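J.: Before we start, here is the structure in question, set down as structure tokens.
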Amino acid sequence: MFFKKVIGIDLGSHKSRVVIPQKGIVLEQPTIIAVDNQTQKLITVGIEAEEMSGKAPSNISIIKPIKNGVIANYKGTESFIKYLIQESFGRFTFVKPFVVLAVPSSITSVEKRALEEATINAGASDVFLFPVSYLSALGANLEIHKPIGNMVVNLGAGSTESAVLSFNGIVVSNSIKIGSSAINEALVNYFKKVYGVIIGENMSEIIKLRICSVIPVENQKSIEVRGRDASSGMPKSFTVQTNDLVDAIRPTVTEIILSVRKVLEMTPPELSSDIVDNGIMATGAGIYLDNLLNLMTKALGIPVVIAENPELATAYGIQEVIENFDKYASKVKL
């Protein structure tokens, strides 16, 4: 595997990471680009493009090329992956790398083909796709090679992946195109409907991270919400507290929990007992939402524990795969 350059990419809807054998994560950037509308040339990528979101002039488009773990903008995805490869290996490398990508298990054949083509056009020599659930289980150090049931839930920005693994393979899985970004959208809709105020994506993300809880709490947090009055168009600000927002995000949280329950219902009885004993491993940055673990544990009747560095579990899994590719290449196919 190491006669050529190898790169692993955790291509997320919100943030992407590049992994190189023996080095680990070498690059992390928001999955967003800025493009000149007239020339269609790439202006900037990642953090700088994210800082322009909602503030860019009309001649510049801010594009999020990946949505729900799959391509939302083909040329944008190609440009973004090209940037990741060049930043990791240098712009003047003559050897095209072999690329391992993390993707949702629900990816369709059309989505798969588009992602493979975009990656090849971006400078890869070959592409191999692995399910996020499999990679996150590896990265969370679950003993998936043993004949026991291991369950992992990865709550990412664009999707929620749930799977039961045994004998180094996926036994049952479920993937829904609902993740932590859907909570942001729920907040945007809530403030527009209830308060008549339009808030931006950045504001909704700040609200979610700072004060949101999936259940009512005694010690509430508060935050000043800033947006634009939907009627007058004028700037408007007001204060909300944690419990004001529980009902706003409840439908989204419920869908996430039901998707996990669906996997449990499909799991063979022999493996179900292992999961009851060992619990469910939670990964992904979305799992940090206040009281989510407690709510999931109560709703599912099984302990849900958070992985060490849950937001990096998929990247750690990619590192394991690219450093031992022959061991894993034939195990999981999409």
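J.: Can you tell me which of Arg228, Arg250 is among the charged types (D, E, K, R) and assigned to a strand (DSSP E or B)?
T.: None of the others qualify; the one that does is Arg228.
J.: Here's something else I'd like to know. Just to be sure, is Ile206 hydrophobic (A, V, I, L, M, F, W, C) and either more than 30 Å from Ile280 (Cβ to Cβ) or touching a helix residue (DSSP H, G or I) at 6+ places or on another chain (Cβ under 9 Å) (or both)? Steps first, answer last, please.
T.: On the way: hydrophobic (A, V, I, L, M, F, W, C): yes; either more than 30 Å from Ile280 (Cβ to Cβ) or touching a helix residue (DSSP H, G or I) at 6+ places or on another chain (Cβ under 9 Å) (or both): no.
Here the answer is no, as Ile206 does not meet what is asked.
J.: Which residues, taken from the stretch 62-96, are among the hydroxyl-bearing types (Ser, Thr, Tyr) and under 18 Å from Gln29 (Cβ atoms)?
T.: Across the stretch 62-96, the qualifying residues are Thr77, Ser79, Tyr83, Ser88.
J.: Search the stretch 106-120 for residues that are of a type in the set (S, T, N, Q) and pair each with any residue that is surrounded by 18 or more Cβ atoms within 10 Å (Cβ to Cβ) and not in a loop (DSSP other than H, G, I, E, B) when their beta-carbon atoms are under 7 Å apart and the residues are at least 6 apart or on different chains.
T.: Close Cβ pairs satisfying both conditions: Ser106/Ser175; Thr119/Ile81; Thr119/Val99; Thr119/Leu101; Thr119/Val127.
J.: Here's something else I'd like to know. I want to confirm something. Restricting to the stretch 202-227 and keeping residues that are among the charged types (D, E, K, R) and either touching a strand residue (DSSP E or B) at 6+ places or on another chain (Cβ under 9 Å) or more than 13 Å from Glu185 (Cα to Cα) (or both), which single residue is surrounded by the fewest Cβ atoms within 10 Å (Cβ to Cβ)? Write out each step before concluding.
T.: As a first pass, look at the stretch 202-227 and keep what is among the charged types (D, E, K, R): 205, 208, 210, 218, 221, 224, 226.
From what's left, either touching a strand residue (DSSP E or B) at 6+ places or on another chain (Cβ under 9 Å) or more than 13 Å from Glu185 (Cα to Cα) (or both): 210, 218, 221, 224, 226.
Numbers: Arg210: 12, Glu218: 6, Lys221: 14, Glu224: 9, Arg226: 14.
Going through the qualifying residues, I end up with Glu218.
J.: Additional query: Do we have Gly12 as surrounded by 17 or more Cβ atoms within 10 Å (Cβ to Cβ), touching a residue at least 40 places away in the same chain (Cβ under 8 Å), at positive phi and among the small types (Gly, Ala, Ser) here? First the steps, then the outcome.
T.: On the way: surrounded by 17 or more Cβ atoms within 10 Å (Cβ to Cβ): yes; touching a residue at least 40 places away in the same chain (Cβ under 8 Å): yes; at positive phi: no; among the small types (Gly, Ala, Ser): yes.
When the stated conditions are applied, Gly12 does not pass them.
J.: What helices (runs of 4 or more DSSP H) lie completely within the stretch 260-334 and have 3 or more residues being surrounded by 21 or more Cβ atoms within 10 Å (Cβ to Cβ) and touching a Ser or Thr at 6+ places or on another chain (Cβ under 8 Å)?
T.: Output list reads 313-323.
J.: If a residue has to be closer than 26 Å to Pro97 by Cβ, crowded, with 23+ Cβ neighbours inside 10 Å, touching a residue at least 60 places away in the same chain (Cβ under 8 Å) and polar (S, T, N, Q) to count, how many in the stretch 124-167 make the cut?
T.: So the answer is 3.
J.: Which of the numbered conditions does Val99 fail, given that it passes all the others? Conditions: (1) of a type in the set (A, V, I, L, M, F, W, C); (2) buried (at least 22 other Cβ atoms within 10 Å of the Cβ); (3) outside any strand (DSSP E or B).
T.: Here Val99 meets the rest and fails (3).
J.: Let me ask another. Select from the stretch 49-72 the residues that are of a type in the set (D, E, K, R) and either within 17 Å of the chain's Cα centre (by Cα) or more than 29 Å from Thr160 (Cβ to Cβ) (or both) and list them in ascending order.
T.: Selection gives Glu50, Lys55, Lys64, Lys67.
J.: Find the residue count for the stretch 211-225, including only residues that are under 18 Å from Thr297 (Cα atoms) and either small (Gly, Ala, Ser) or assigned to a helix (DSSP H, G or I) (or both).
T.: Number of matching residues: 1.
J.: Among the residues of the stretch 84-92, is any out of contact with any Cys (no Cβ under 6 Å at 6 or more places or on another chain), of a type in the set (Lys, Arg) and buried (at least 22 other Cβ atoms within 10 Å of the Cβ)?
T.: Keep residues of the stretch 84-92 that are out of contact with any Cys (no Cβ under 6 Å at 6 or more places or on another chain), which gives 84-92.
Right, trim to of a type in the set (Lys, Arg) and you get 91.
Those still in the list that are buried (at least 22 other Cβ atoms within 10 Å of the Cβ) too: none.
No, the stretch 84-92 contains no residue that is out of contact with any Cys (no Cβ under 6 Å at 6 or more places or on another chain), of a type in the set (Lys, Arg) and buried (at least 22 other Cβ atoms within 10 Å of the Cβ).
J.: (1) at pLDDT 95 or above; (2) under 21 Å from Leu129 (Cβ atoms): which one isn't true of Lys333, the others all being true?
T.: Among (1) at pLDDT 95 or above; (2) under 21 Å from Leu129 (Cβ atoms), the lone unmet condition for Lys333 is (1).
J.: Return the residues of the stretch 173-201 that are surrounded by fewer than 15 Cβ atoms within 10 Å (Cβ to Cβ) and within 23 Å of the chain's Cα centre (by Cα); say none if nothing qualifies.
T.: Answer for the stretch 173-201, where residues must be surrounded by fewer than 15 Cβ atoms within 10 Å (Cβ to Cβ) and within 23 Å of the chain's Cα centre (by Cα): Glu185, Asn189.
Quick grid of which residues meet (1) without any contact (Cβ under 8 Å) to a residue 24 or more places away in the chain; (2) closer than 23 Å to Glu161 by Cβ:
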residue	(1), (2)
Glu205	yes, yes
Ile215	no, no
Gly227	no, no
Ala282	no, yes
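The values are calculated or read from the model by the stated rules, or taken from the named source; none is laboratory data. This structure is a prediction, so every number in the text was calculated from the model and none was measured. Methodologically, a virtual Cβ is constructed for each residue, glycine included, from the backbone with ideal geometry; neighbour enumeration extends over all protein chains shown.
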